[in-house]
């Protein structure tokens, strides 16, 4: 078993999940609650990783994070071919799933409940933290699990932007590729089992979260 | 101490008609009566600050809630600062909170929130059910929690939008009696919206008949019944026209 790949995959997925939570939730609330100019354009950009070839996405990321990019020139952040680049690539491919699920969850909260909170003295922030997000939490968590599962399985863009350096940037999906190429099928089988089990467990959780938390007559028309 | 009077005088363009409301409400239950789509809920929403009128003046005891100015600029107090209690038609209880937590919602920054919320639930005959979630309560119990929740913030005005329309007759009667008692004890200013004539006559100290965005007549219910101002009021009251 390639333990360094396991550790690296967990590290990359954990960091990607934190990014997904904050960025995805903010975008989910924005799209679920507000309409603004340029919204469709922004949504399409966020959803592009779902349909773009991974190599194209990886190349985009190389342009965005590589030499000559603002990230390097202004912030002196050189992350290409390091594990943080893999985390960024993973977060970007998981983002559409997180945004989609949290947007739907936020939009499904009955606006009358939010109005009730306003008349009870809540500011817009309080309405969000005390009513909207607690009621949308199942969808948000489901989106986070889906996004993280997708991040864990990320291959193509990671290969382009972080490389496939054993012990440094080689995550589980890349290690599976290497093992199959080198005909180390026993090792590949174990990693296959780990990745498939994690994906299965994630989707099982998502299915459980899709059950309604409250009965239909719970004070909501 | 006499309750400050609520002055409502505003205009708002709606898809089907122009809503034009002029009313003054004191420490009483004023029933806004009319068919569905007459603009009753919109009127409550304008008082609560949940919808913004195009022009006019809404104030409580001289304190402006909304005031339109020149050049389209308007003063508009946000709903959270109006201290207007609102009881919604579908209860609108927070499904993720227990009855007690719903009632204590507005008090979360205050000391003694729990005991005040418990006191209110007891007053609404719900002390035994404080730990239940809304879906574990009957319709009547849910609406009692909603009233307790609205009262928790010591509102200056209580707005009620078809509050008991989904309840059966006996439950409705009990809640009417409780509401009238509560109004007298607290000297509350209540605006009660309904399209049910029996409800209107059961609780209203005064009755405002509304049709297509206009107040057609305001008065003591019996006076309105005896002296309808025009054929629209006659029709609203279901009285057949002579001739």
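Rule-based calculations on the coordinates, nothing more; no lab input. What you see is a predicted model, and the numbers here were worked out from it, not measured in a lab. Here the Cβ is made from the backbone with ideal geometry for all residues, glycine too, and neighbour counts use every protein chain on show.
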Using only DSSP helix segments of four residues or longer, with each worth -39500 (n - 2.57), what per-residue ellipticity at 222 nm results for chain A after dividing by its residue count and rounding to 500?
-22000 deg cm²/dmol
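Take peptide B:41-50, look around each residue's Cβ out to 10 angstrom, count Cβ atoms belonging to other protein chains, and average those counts.
Values: counts 0, 0, 0, 0, 2, 0, 0, 4, 3, 7.
Other-chain Cβ atoms within 10 Å of each residue's Cβ, averaged: 2.
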How far is the Cα center of segment A:1-22 from the Cα center of segment A:140-209, in Å?
10
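Gain in length, residue B:125 to residue B:234, computed as 0.36 nm per residue apart minus the alpha-carbon separation, to one decimal in nm?
On the way: separation 109, 0.36 × 109 = 39.24 nm, distance 3.92 nm.
Length gained between residue B:125 and residue B:234: 35.3 nm.
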Tilt relative to chain A, helix A:83-107 - C-alpha long axis, 0 to 90 degrees, to 10:
20
May I ask for the angle, rounded to the nearest 10°, between helix B:169-186 and the longest principal axis of chain B, with both axes built from Cα atoms and the value confined to 0 to 90°?
90
Note: A:109-118 gets an average of partner chain Cβ contacts (10 Å, Cβ to Cβ) equal to 6
Quick one: helix B:139-152 against the long Cα principal axis of chain B, what's the angle to the nearest 10°, folded into 0 to 90?
90
Could you check what % of the DSSP bridge pairs in the protein assembly as shown are antiparallel, to the nearest 5?
60
Partner chain coverage, peptide B:84-92 - average Cβ within 10 angstrom
5
Tell me the label-point distance for the pair residue A:208, residue A:108, using the 7 Å Cα-to-Cβ offset, in nm and rounded to one decimal.
1.8
Under the 7 Å Cα-to-Cβ spin-label approximation, residue B:20 and residue B:173 lie apart by a distance in nanometres of 4.2
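Based on DSSP, what percent of beta bridges with both residues in chain B are antiparallel, to the nearest 5?
Values: 26 of 45 bridges.
Among the beta bridges of chain B, antiparallel pairing accounts for roughly 60 percent.
Can you give the helix-only mean residue ellipticity at 222 nm for chain B, where every DSSP H stretch with n ≥ 4 adds -39500 (n - 2.57) and the sum goes over all residues, rounded to the nearest 500 deg cm²/dmol?
-9000 deg cm²/dmol
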